[in-house]
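Scroll down for the structure; my scribbles are underneath it.
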Amino acid sequence: MRLSRILLAAALSASCHKAVEEEAPAPLAVTVVKASKGEVAEVVEVAGELSALPGLDVKLGPLLAGRLQAVLVGEGDQVREGQVLARLDATPLRDQLAQAEAQLSQARAQELNAKQKLERAGKALQAGVAAAQEVEDDRLVLAQAAGAVKSAAAVLSTAKNQLGRSELRAPFAGVVAHIFAAPGEALDANKPVVEVARTQTVELRAPLAPRLAALLKPGQPAQLRLDALPGRIFQARVLAVAPTVDAATGAALVRLRADNPDGVLRIGTFAHAQVQVEVRSNVVRVPVPALLGDEGGAAVEVVEAGKAKKVPVKIGARDAQWAEIAQGLEEGAQVIVQGNYALPDGTPVKAAESAPPEGAASETAIPAADGGAAGDAGP
């Protein structure tokens with residue numbers, strides 16, 4: 001009987017151990033990198049559309065209503081200053097000019113006739129055959145005739161100006177960016193017909209959080225990238241940072257400029273500019289994929305005693321590959337860089353160490369829109 005009880009207890013114990021082994025989860029495979037010391041470049045990203053310099057991108061429209069007769073250029077054409085780009089139907093304007101010229105000729109003839117009459121009246125007065133009142137009357141007529149000449153000359157000048165306004169001329173040398181109207185179209189005054197821009201130099205204007213704007217200074221070099229031209233980098237520079245903050249957005253306007261002699265940087269293209277403002281040396285750093293973010297702030301997952309543990313950290317500088325850990329993590333800690341998403345604390349893990357990234361890239365990971373929150377930058 002006693003032996004049976006011993007055998008039964010052994011069987012129950014083995015069964016319990018087997019059940020526990022079956023219920024214990026298998027360790028999850030993760031990839032880790034040791035937190036190390038090195039350099040991290042602090043960079044600021046400015047993103048927005050490229051535009052021409054202020055005053056060098058204009059939309060030209062007629063100053064008077066009329067019918068568009070001809071458009072003499074097309075998109076992409078290079079134009080010189082003063083070149084005629086489009087014309088309105090000038091027939092009624094030429095008629096007005098001819099009428100004004102005729103009125104001026106008539107007024108001048110009347111003025112000449114009044115002068116001659118005054119001269120004759122003066123001679124007759126000297127000869128005693130005319131009254132002084134007649135001379136004064138003729139002098140008044142001459143003054144009126146002279147006034148009529150000035151008035152007609154002003155009408156003629158206006159008619160010439162109106163005729164000149166029927167032609168749209170380039171205000172500066174540049175390139176035709178857009179055509180808004182077609183020949184034969186009836187136009188109201190100031191309706192755009194042609195857009196001309198000077199594109200040898202372009203600007204990137206974008207709002208930036210005040211904390212990041214304070215890091216930028218005129219003259220700092222920047223690297224410009226376009227989604228439309230992957231793999232290409234263009235050199236730019238910080239031109240100015242607005243001294244005021246927009247009350248509606250809480251952001252400061254930042255302006256960057258880039259030379260564009262070959263016209264590759266097209267106006268209206270969305271671009272990213274990365275400005276390196278500081279390089280921090282001998283700081284504890286982890287690869288960017290190790291970072292986790294939630295409402296409580298940034299964190300990393302580390303491996304301790306074969307289990308995952310979330311550790312809150314304070315992020316300092318950050319570039320495309322590395323993030324500085326200003327607080328919360330010691331050098332040498334095993335940080336999970338792959339498999340760390342939604343990993344509960346205490347989860348058994350099987351760690352495989354990976355080689356850390358080589359060098360510290362100069363690309364940014366501080367988006368301009370969110371005031372410096374973590375985010376990856378494209379190549």
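The values are calculated or read from the model by the stated rules, or taken from the named source; none is laboratory data. Computed from a predicted structure; not experimentally measured. Every residue, glycine among them, receives a Cβ derived from its backbone with ideal geometry; neighbour counts consider all protein chains shown.
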- Item | Tally, over region 34-50, of residues that are crowded, with 18+ Cβ neighbours inside 10 Å and within 23 Å of the chain's Cα centre (by Cα) | 8
- Test: Glu358 is buried (at least 21 other Cβ atoms within 10 Å of the Cβ) and either assigned to a strand (DSSP E or B) or at pLDDT below 90 (or both): no
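This table checks each residue for (1) farther than 17 Å from Ser354 by Cα; (2) surrounded by fewer than 17 Cβ atoms within 10 Å (Cβ to Cβ).
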position: Gln274; (1), (2): yes, no
position: Asn282; (1), (2): yes, yes
position: Ala298; (1), (2): yes, no
position: Gly306; (1), (2): no, yes
position: Ile315; (1), (2): yes, no
- Task: Return the only residue of Val73, Val129 being assigned to a loop (DSSP other than H, G, I, E, B) and modelled with pLDDT of 90 or more.
- Result: Val73
- Based on what the data block shows, is Leu64 closer than 25 Å to Asp188 by Cα, touching a residue at least 12 places away in the same chain (Cβ under 8 Å), out of contact with any Gly (no Cβ under 6 Å at 6 or more places or on another chain) and in a strand (DSSP E or B)? no
- Message: If I filter region 316-331 down to residues being out of contact with any Lys or Arg (no Cβ under 7 Å at 6 or more places or on another chain) and at pLDDT 90 or above, which single residue comes out as farthest from Thr347 (Cα to Cα)?
- Response: Glu330
- 1 or more residues free of Cβ contacts under 8 Å to residues at least 40 places away in the same chain: qualifying strands (runs of 3 or more DSSP E) within region 226-338: 234-241, 292-294, 297-304, 307-312, 314-318, 322-327
